[in-house]
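Peer 1: Let me give you the structure first, and then I'll get to my questions.
The values are calculated or read from the model by the stated rules, or taken from the named source; none is laboratory data. These figures come from a predicted structure and were not determined experimentally. Backbone-built Cβ (ideal geometry, glycine too); neighbour counts: all protein chains shown. The protein model used for the area step is the full one, side chains on, heavy atoms only, and it has no ligands, DNA or RNA in it. Shrake-Rupley method; radii C 1.70, N 1.55, O 1.52, S 1.80 Å.
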Amino acid sequence: MEEIKFSHISVLLRECIENLNIKPNGIYVDCTAGGGGHSLEIAKRLTAGGRLIAIDRDEDALCAAGQRLAAYADRVTFVHSNYAALESVLANLEIDKVDGVLMDLGVSSYQLDTAERGFSYMQDAPLDMRMDRGEALCAYDVVNTYSEEELRRILYDYGEEKFARNIAANLVKKRSEMPIRTTLELAELVKASMPKAAREGGHHPAKRTFQAIRIEVNSELSSIPPALDAAVSALNPGGRIAVITFHSLEDRLVKQKFAALASGCTCPPDFPVCVCGKKPVVRSVGKKPVTAGEDELAVNPRSRSAKLRVAEKL
């Protein structure tokens, strides 16, 4: 088998492993196996009686993870799937309950650095951005077929791009003359849609647009709440779920879901007594999210935006 050169530094690795409280004979799920960094550290801590389910929607990632975890093949099951389908993945494996779940959300370094995948605004490639290349919708479709209003909404909602209106209008104007086919073509068009002051300093001017289109292509945000519900439902009492996010939109969804599961009652505040009967399902571990320390930041600058939130099943 050809070796996949999957270069990816696992973010908050030590913190994730510590917070999962791994039991040697437990069952764990890495919903985003990536290059296998987190999975490897989980597998190392399992005995032959333990089991790790390593899921990823990117077949390149799964192949790389399989190579990296070859020494622990007796305790690892690899599944090509979206973490949004966690409930059916576990059902197909006839697994009722697990002891821990890890989710590392967002795009991987490998996907960003592999030009042909079309995620990067720094390298020229066809507009793609699919995490699972078996899916039909790609970035080309979004850029060239979505209405101006749809594009504006995506850029504003998913990229928090304040120049969304200008960018969307210019995209539609440009594609009426000729389809927009490549990443650098898109990046230059985005850049030209902004005032000079907004193009200088700070992040690359196309960063927010590329994030927004990537989220749309991969249905990233809509997958998070149901995946969290499925993961928590599958946990044994005392089992933990650890989730790493990389931007405020993801983190807000995780924070809100954990808070709702920890509070239980959904009755309006002015109700004198609870009538919904819902009880807390989890407790949050730690008052604030865990972030990367100076040592990790020095080695992996991309960890700067990472936040780890952990909850424990009651």
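Peer 1: Using C-alpha positions alone, give me the convex hull volume of segment 167-314 per residue in cubic angstrom.
Peer 2: 197 Å³
Peer 1: If you stretched the chain out fully between Gln67 and His204, how much longer would it get, using 0.36 nm times the residue separation minus the C-alpha to C-alpha distance?
Peer 2: Extending this stretch completely gives an extra 45.9 nm.
Peer 1: Something else now. Only bridges whose two residues both fall in the chain count here: according to DSSP, what percent of them are antiparallel, nearest 5?
Peer 2: Details: 12 of 30 bridges.
That works out to approximately 40 percent antiparallel.
Peer 1: Could you identify which residue out of Glu150, Glu18, Glu177 has the top mean-square fluctuation in a GNM of the chain using Cα springs shorter than 10 Å?
Peer 2: Maximum fluctuation in the GNM of the chain, among the listed residues, is at Glu177.
Peer 1: Give me a comma-separated list of calculated 3J(HN,Hα) values for segment 255-271, in order, Karplus coefficients 6.51, -1.76, 1.60 applied at θ = phi - 60°, integers in Hz, x for any Gly or Pro.
Peer 2: 4, 5, 5, 4, 5, 5, 5, 7, 8, x, 4, 10, 5, x, x, 8, 6
Peer 1: Counting helices only, and only those DSSP H runs with n ≥ 4, report the 222 nm mean residue ellipticity of the chain as the sum of -39,500 (n - 2.57) divided by its residues, in deg cm²/dmol to the nearest 500.
Peer 2: Values: 14 runs with 134 residues, N = 314.
After summing the helix terms and dividing by residue count, I get -12500 deg cm²/dmol.
Peer 1: What is the helix-to-structure angle for 148-159, meaning the angle in degrees between its Cα long axis and the longest Cα principal axis of the chain, kept from 0 to 90 and rounded to the nearest 10?
Peer 2: The helix 148-159 is inclined about 50 degrees to the chain.
Peer 1: Tell me the angle of helix 59-68 to the major Cα principal axis of the chain, expressed in degrees between 0 and 90 and rounded to the nearest ten.
Peer 2: The helix 59-68 is inclined about 50 degrees to the chain.
Peer 1: Next question, about the same structure. In 10 Å bins starting at 0, how do the alpha-carbon pair distances of segment 82-170 split up by percent?
Peer 2: Using 10 Å bins, I get a P(r) of 14, 32, 33, 16, 6, 0 for segment 82-170.
Peer 1: Further question on the same structure: Express in nm, to one decimal, how much length is gained between Ile95 and Ala169 on full extension, taking 0.36 nm for each residue of separation and deducting their alpha carbon distance.
Peer 2: Length gained, Ile95 through Ala169: 21.7 nm.
Peer 1: Which whole-Hz couplings ³J(HN,Hα) result when phi for each residue of segment 210-225 is put into the Karplus expression 6.51 cos²θ - 1.76 cosθ + 1.60, θ = phi - 60°, listed in order with x for Gly and Pro?
Peer 2: Result, rounded to whole Hz: 5, 4, 4, 5, 4, 4, 5, 4, 9, 6, 5, 6, 5, 7, 5, x.
Peer 1: A further question follows. Hey, if you put +1 on the Cβ of every Lys and Arg and -1 on every Asp and Glu Cβ in the chain, which of Ala169, Leu112, Ile53 ends up farthest toward the positive end of that dipole?
Peer 2: Of the options given, the answer is Ala169.
Peer 1: Where the accessible area of the chain is counted over protein heavy atoms with a 1.4 Å probe, how much of it, in %, is carbon and sulfur?
Peer 2: C and S fraction of accessible area: 51 percent.
Peer 1: Now for a different question. Describe numerically, in nm with one decimal, the distance between label points set 7 Å from Cα along Cα→Cβ at Leu314 and at Lys279.
Peer 2: Placing both labels 7 Å along Cα→Cβ, they lie 0.8 nm apart.
Peer 1: What whole-number volume per residue, in cubic angstrom, does the convex hull of the C-alpha atoms of the chain give? Write out the running numbers ahead of the final one.
Peer 2: Working: hull volume 50.2 nm³, N = 314.
Expressed per residue, the convex hull around the Cα atoms of the chain is 160 Å³.
Peer 1: Given springs between every Cα pair under 10 Å in a Gaussian network model of the chain, which of Glu294, Glu148, Glu188 has the largest fluctuation?
Peer 2: It is Glu294.
Peer 1: Largest first, what is the accessible-area ranking of Thr245, Thr266 with a 1.4 Å probe?
Peer 2: In descending accessible area the options line up as Thr266, Thr245.
Peer 1: Sticking with this one: So how tilted is helix 164-177 from the main axis of the chain? Cα-based, degrees 0 to 90, rounded to 10.
Peer 2: Roughly 60 degrees between the two axes.
Peer 1: Within segment 23-81, which chymotrypsin sites (Phe, Trp or Tyr not before Pro) sit in a loop by DSSP and count at most 15 neighbouring Cβ atoms inside 10 Å?
Peer 2: On the way: sites: Tyr28, Tyr72, Phe78; in loops: none.
Those that pass, being in a loop and sparsely packed, number zero.
Peer 1: Past the 18 Å Cα-Cα mark, which pairs from Lys257/Lys288; Lys23/Lys257; Lys162/Lys257; Lys23/Lys44; Lys97/Lys313; Lys23/Lys313?
Peer 2: Violating the 18 Å Cα-Cα cut-off are Lys23/Lys257; Lys162/Lys257.
Peer 1: Also: Two decimals, Cα atoms only, Kirkwood Rh: what is Rg/Rh over segment 15-108?
Peer 2: Radius of gyration relative to Kirkwood radius: 0.92.
Peer 1: Taking springs between alpha-carbon atoms closer than 10 angstrom, which of Val285, Val243, Val101 fluctuates most in the Gaussian network model of the chain?
Peer 2: Sorting by GNM fluctuation, first place goes to Val285.
Peer 1: Rounded to the nearest Å, what's the spacing between the alpha carbon centres of segment 272-292 and segment 231-253? Just the number, please.
Peer 2: Taking the Cα centre of each part, segment 272-292 and segment 231-253 sit 12 Å apart.
Peer 1: Also: Rounded, prolate or oblate, given the Cα gyration tensor of segment 149-244, with a/c below 1.5 counting as rounded?
Peer 2: prolate
Peer 1: Could you compute how much accessible surface Lys173 exposes when probed at 1.4 Å, giving the result in Å² to the nearest 10?
Peer 2: 130 Å²
Peer 1: Could I ask something else about it? Nothing charged except the Cβ atoms of Lys and Arg (+1) and of Asp and Glu (-1): what's the magnitude of the dipole of segment 52-211 about its Cα centre? Round to the nearest 20 debye.
Peer 2: Magnitude of the dipole: close to 820 debye.
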